[in-house]
Amino acid sequence: MNALEVAKKMETDAIIFYAAAAEKVTHAAGKKMFLSIREDEKRHLEMVAQLIKGMNFTVNDVSPMKNVRTAFDSLKQEMMQRIKVSDDELEAFEIAMKMEKEGEAFYQKSLAGAKTEKEKALFSRLIEEEQQHYALFSNTHSYLADTGNWFLWDERGIVEG
C-alpha cells in the first residue's frame, strides 16, 4: 500500500472511532468535539480520495480550533458545572490523542517521501490539522480530568490569598 492508500485507511478508521466515541461520551462538550473532529476526518478522507483519483484536491478553509471553540462557547454555562467524567470517557480522549500523534508522525514520514507537489501540499495540511486536533483533545482531556486546575492554568485564573 502506498502512503495515500494508508492515509485513506487511517482517515476511515478515525471517522469510525470518533463517531463511536461521540456515542459513548456523556459530556456535551466532549460529544460535540468528537463530532466536529469526525467531520474534519471526513474532509481529510475526501481530500485524499481526490488526490488518489488524480484530481486536484480542494482545501476548504476550515479551522478545527475555531469550530470547536464555537461548540464550547455554546455550552459555556453547562461546562461551568462540575460534571463527573468516567474513566472510559477520559480513555477515549487519550486514545484520540494517541491517534492524532500517530497520524501526524505518519504524515511527516509521508511528506518526506512525497514525490509530487500535490502530495506535499496534502501531507503538510494534514500534519497541521492533526496537530490542532491533538491540542484540542489534550486541552479537553485536561479540562475533564481536573476542571479547577484547567480554569486556573488554561484560562489564566488569578488566585488571591
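The values are calculated or read from the model by the stated rules, or taken from the named source; none is laboratory data. The structure displayed is predicted, hence computed values, not measured ones. Virtual Cβ from ideal backbone geometry, glycine too; neighbours counted across all protein chains shown.
Listing for the model above:
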| read-out | value |
| --- | --- |
| Helices (runs of 4 or more DSSP H) wholly inside the stretch 1-120 containing at least 2 residues that are modelled with pLDDT of 75 or more and among the β-branched types (Val, Ile, Thr) | 3-24, 28-52 |
| The stretch 1-43 - residue that is out of contact with any helix residue (DSSP H, G or I) (no Cβ under 7 Å at 6 or more places or on another chain) and charged (D, E, K, R) and, of those, farthest from residue 100 (Cα to Cα) | 23 |
